[in-house]
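Chemist: The structure under discussion is supplied below as structure tokens; questions concerning it will follow.
The numbers here are math on the coordinates, done by the rules we state, and not lab data. All figures in this text were calculated on a predicted structure; none of them were measured in a lab. As a convention, Cβ positions derive from the backbone with ideal geometry for all residues, glycine included, and neighbour counts pool all protein chains shown.
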Amino acid sequence: MKLIQKFIKTPEGIVGIIILSILITLALSAPIIAPGDPLRIAGRALAAPFSDPSLPLGTDRLGRDVLSGIIHGARTSLLVGAAAALAAIAIGLMIGLVAGFCGGIVDEVLMRVVDAFQIVPGFLLALAFVSVMGASLPVVVMAIALGAWADPARLTRAQVLSLRERDYVAAARVIGMPPVEIAVKHILPQAVPPVLAVSATIVAAAILTEAALSFLGLGDPNSVTWGSMISEGRNVLRSSPWLSIMPGLALIVTVLGVYLFSEGLTKAMTRPASTDRSAPRDGMTP
Amino acid sequence: MTLLSVENLRRRYVSTGRDIVAVENATFSIAAGETLGIAGASGSGKSTMARLLLGLMPPDAGKITFEGQDWLSLKGKDLRRQRSRMQMVFQDVLGAFHPTATVGETIGDPIRVHRTVPKPQRTREIARLLERVGLSSDFAGRPVYELSGGQRQRVAIARAIATRPSLVVLDEAVSALDVQVRNRILELLVELQREENMSYLFISHDLAVLRAVSHRLAIMDAGRIVETGHTSDIIEQPQSAAGRALVAATLRLMPGGRQTNTIQQSEPTYDI
């Protein structure tokens, strides 16, 4: 496919996809490369990194393996990030489609709701939601999605408003196609690509929000997350800073990977098909 | 027999605070099997007229009677069902098709929506329609964007006639095509009209095209119909200023334009 070829040609895309592939591989193979419960005690407490070959990144205050925690934490981070972004985009697409396609009073009401959600900071919303509903993975995913769906909704609505005026939509109406079919089959598929371009940004933001929630102790207590690891390490920050630095680095690399992926995707989608600067033109070759 | 009658149709836009008249007091009718050409310069309200007739936008005032029904009172499901009777061919030879649809899906849509033939015979019906507009049935599997402008317009015509409408509105349907392709499409339209006994409302800025297909002409200027009459009468002796301007512009562009007084037939011709 042309989009993939163009994507591969952008340096951001390449680096992003390499980072993400490594992370996803790590997360998927966590039970193989770091078997056992990452929350179990693996050795003596506060072992320094690189001091014990069986515990390469050392242990925390309770003697839990830091490397195992980071690998298993990648699962939670990526899972929550992807699920929250997926939910946010799905809700955003639906609301944006309905608002843009119906117009009038429906549009007004829905967009005011979107306004309300955009005004409240997403993180505060997530915080309030989790403290009311109790911390568990599905609740955390919902909480993050709640603060992230407004942007895709706005973007989808703008797309739908312009697509709605196209001749092929008029042609579908002239045929007598029911409005629901026009919206779902003729408008929605064309409105999705620009929303997908911002989806990676939403994933990155979701991963950070999840880490922040865990840091505050509002993550799922039964799974290891990078946020909770940073929070744990905070108590011994002066004597054993690596306990916070290691998961912090993992977080930075992940968000960077997602951002680069998103940049590459946006470039590939906006760049015209035939911009191959490296190809010599006729008569220009030395 | 009158198929369509339009009375005092009016539509205005508000654009940057100014009231713009798109269609004002338009009154005309089309008989069964007849072609009415609507001519006018850009911005004279021709396309708005097409959109009003097809219910793509509501008029501010006026009455449309189509096949004896009050066309503007139809809503929702009733309107969608009746849409099979009035179809449209758009100017944009690519924009009027779903960006990723195949020819078969495009022509299949009206057949499916209106269930004109039972499901198992749909493929055969699509092939029949394709052959009807001069395309081979192998085209069904090809994406519309792969076709040439003329082929796309043939697909658009096949889609429009799939529900056996009594009126087809053609909004600048051949304006984007080169002259040779245009002439073949016009021939096809005239032939289809004769066989299916359809009426056409043919909108164009090009009098040469309208002369080839229309029985009667209406000249539009600034949203108003300023002149109606038999095609040859108007082309020979336009009464309105807008009509004279259009005829003068056409004569200048037509090869051998000075001999236009050789037109005498009222039957449409398609040698331009």
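Chemist: With springs connecting C-alpha atoms under 10 Å apart, model chain B as a Gaussian network and identify which of B:ASP138, B:ASP178, B:ASP19 has the largest mean-square fluctuation.
Modeler: In this elastic network of chain B, the residue with the biggest mean-square fluctuation among B:ASP138, B:ASP178, B:ASP19 is B:ASP19.
Chemist: Using alpha carbon centroids, what distance separates segment B:132-207 and segment A:89-142, in Å?
Modeler: Cα centroid of segment B:132-207 versus Cα centroid of segment A:89-142: 47 Å apart.
Chemist: Quick one: if the Förster radius is 60 Å, what FRET efficiency do A:LYS9 and B:ASP233 give, using the C-beta to C-beta distance and rounding to 0.05?
Modeler: 0.40
Chemist: For segment A:2-270, with the dipole built from +1 on Lys and Arg beta-carbon atoms and -1 on Asp and Glu ones, taken about the Cα centre, which of A:ILE14, A:ILE24, A:SER51 lies farthest toward the positive end?
Modeler: A:ILE14
Chemist: Turning to a different aspect of this structure: I'd like the Karplus ³J(HN,Hα) series for segment A:71-82: coefficients 6.51, -1.76, 1.60, θ = phi - 60°, whole numbers in Hz, and an x wherever there's a Gly or Pro.
Modeler: In residue order, the calculated couplings are 5, 5, x, 4, 4, 4, 4, 5, 5, 5, x, 5 Hz.
Chemist: Dipole size in debye (nearest 20) for chain A around its Cα centre, Lys and Arg Cβ +1, Asp and Glu Cβ -1?
Modeler: My answer is approximately 380 debye.
Chemist: Within a Cβ distance under 15 Å of B:VAL23, other residues only, what is the Lys/Arg minus Asp/Glu net charge?
Modeler: Every neighbour counted, the sum reads +1.
Chemist: Tell me, what is the percent relative contact order of chain B, built from C-alpha pairs under 8 Å that lie six or more residues apart?
Modeler: Details: 502 pairs, mean separation 66.2, N = 272.
Reported relative contact order: 24 percent.
Chemist: Return the percentage of antiparallel bridges among DSSP beta bridges fully within chain B, rounded to the nearest 5 %. Write out the running numbers ahead of the final one.
Modeler: Values: 24 of 43 bridges.
Taking every DSSP beta bridge within chain B, about 55 percent pair in antiparallel fashion.
Chemist: What is the helix-to-structure angle for A:104-119, meaning the angle in degrees between its Cα long axis and the longest Cα principal axis of chain A, kept from 0 to 90 and rounded to the nearest 10?
Modeler: Roughly 20 degrees between the two axes.
Chemist: What list do you get for B:LEU53, A:LEU46, B:LEU217, A:LEU208 if you sort them by fewest beta carbons within 10 Å?
Modeler: So the residues, fewest neighbours to most, are A:LEU46, A:LEU208, B:LEU53, B:LEU217.
Chemist: What are the ³J(HN,Hα) values, in whole Hz, obtained from phi via the Karplus relation 6.51 cos²θ - 1.76 cosθ + 1.60 with θ = phi - 60°, for each residue of segment A:54-64 in sequence order, with x given for Gly and Pro?
Modeler: 7, 10, x, 9, x, 10, 9, 4, 9, x, 8
Chemist: Quantify how strongly other chains surround peptide A:160-173 by giving the mean number of their Cβ atoms within 10 Å of each of its Cβ atoms.
Modeler: Details: counts 0, 0, 0, 1, 0, 0, 5, 10, 11, 4, 10, 16, 6, 7.
Mean inter-chain Cβ contacts per residue within 10 Å come to 5.
Chemist: From the cross-link list B:LYS46/B:LYS75; A:LYS185/B:LYS46; A:LYS2/B:LYS119; A:LYS185/B:LYS75; B:LYS46/B:LYS119; A:LYS185/B:LYS77, which pairs have alpha carbons spaced over 26 Å apart?
Modeler: Among B:LYS46/B:LYS75; A:LYS185/B:LYS46; A:LYS2/B:LYS119; A:LYS185/B:LYS75; B:LYS46/B:LYS119; A:LYS185/B:LYS77, the Cα-Cα distance tops 26 Å for A:LYS185/B:LYS46; A:LYS2/B:LYS119; B:LYS46/B:LYS119.
Chemist: Also, I was wondering about something else. Give me the angle, in degrees from 0 to 90, between the Cα long axis of helix A:188-215 and the longest principal axis of the Cα atoms of chain A, rounded to the nearest 10.
Modeler: Value to nearest ten degrees: 20.
Chemist: Just to be sure I understand: with springs between alpha-carbon atoms less than 10 Å apart, which residue in A:GLY217, A:GLY13, A:GLY36 has the highest mean-square fluctuation in the Gaussian network model of chain A?
Modeler: Highest fluctuation among the options: A:GLY36.
Chemist: Give me the net charge for the shell around B:ILE111: Cβ to Cβ below 9 angstrom, other residues only, Lys and Arg +1, Asp and Glu -1. Mind dumping the intermediate values first?
Modeler: On the way: positive: B:ARG112, B:ARG115, B:ARG122; negative: B:ASP109, B:GLU125.
It works out to a net charge of +1.
Chemist: If r is the Cβ-Cβ distance from B:TYR145 to A:LEU39 and R0 is 51 Å, what FRET efficiency results, to the nearest 0.05?
Modeler: The pair B:TYR145/A:LEU39 has a calculated efficiency of 0.35.
Chemist: Could you work out the relative contact order of chain A, using alpha carbon pairs under 8 angstrom and six or more residues apart, expressed as a whole percent?
Modeler: Computed value for chain A: 26 percent relative contact order.
Chemist: Next question, about the same structure. Would you kindly derive the ³J(HN,Hα) couplings of segment A:174-186 from the backbone phi angles with the Karplus curve 6.51 cos²θ - 1.76 cosθ + 1.60 (θ = phi - 60°), listing them in order in whole Hz, with x for Gly and Pro?
Modeler: My calculation for segment A:174-186 gives 4, 5, x, 5, x, x, 4, 5, 4, 5, 7, 8, 9 Hz in order.
Chemist: Only four residue types carry charge here, +1 at the Cβ of Lys and Arg and -1 at the Cβ of Asp and Glu. Report the dipole size of segment B:78-196 about the Cα centre in Debye, rounded to the nearest 20.
Modeler: Dipole magnitude for segment B:78-196 comes out near 560 debye.
Chemist: Just to be sure I understand: with springs between alpha-carbon atoms less than 10 Å apart, which residue in A:SER262, A:SER68, A:SER239 has the highest mean-square fluctuation in the Gaussian network model of chain A?
Modeler: A:SER239
Chemist: Additional query: Nearest 10 degrees, 0 to 90: what angle lies between the long axis of helix B:149-161 and the longest principal axis of chain B (Cα atoms)?
Modeler: Once rounded, one gets 80 degrees.
Chemist: Okay, next question. Have a look at the DSSP beta bridges in segment B:146-247 and tell me what percent are antiparallel, nearest 5. Present the calculation step by step, with values, prior to reporting the outcome.
Modeler: Values: 6 of 11 bridges.
Here the antiparallel bridges make up roughly 55 percent for segment B:146-247.
Chemist: Which lysines have a Cα lying under 28 Å from the Cα of A:LYS9, excluding residues fewer than 8 positions away in the same chain?
Modeler: Once the sequence-local lysines are set aside, what remains near A:LYS9 is A:LYS267.
Chemist: Which log10 I(q)/I(0) values does chain A give at q = 0.07, 0.09, 0.11, 0.13 Å⁻¹ under the Debye formula, counting every alpha carbon as one identical point scatterer?
Modeler: Evaluating at q = 0.07, 0.09, 0.11, 0.13 Å⁻¹ gives log10 I(q)/I(0) of -0.35, -0.55, -0.76, -0.95.
Chemist: Please give, to one decimal in nm, the separation of the simple spin-label points placed at A:LEU237 and A:ALA90, each 7 Å out from Cα toward the Cβ.
Modeler: The two pseudo-label positions are separated by 3.8 nm.
Chemist: Right, here's the next one. Charges only on Cβ, +1 for Lys and Arg, -1 for Asp and Glu: so what's the dipole of chain B about the Cα centre, in debye to the nearest 20?
Modeler: That gives a dipole near 820 debye.
Chemist: Follow-up question, since we're still on this one. I want the antiparallel fraction of DSSP beta bridges within the protein assembly as shown, as a percent rounded to 5.
Modeler: Taking every DSSP beta bridge within the protein assembly as shown, about 60 percent pair in antiparallel fashion.
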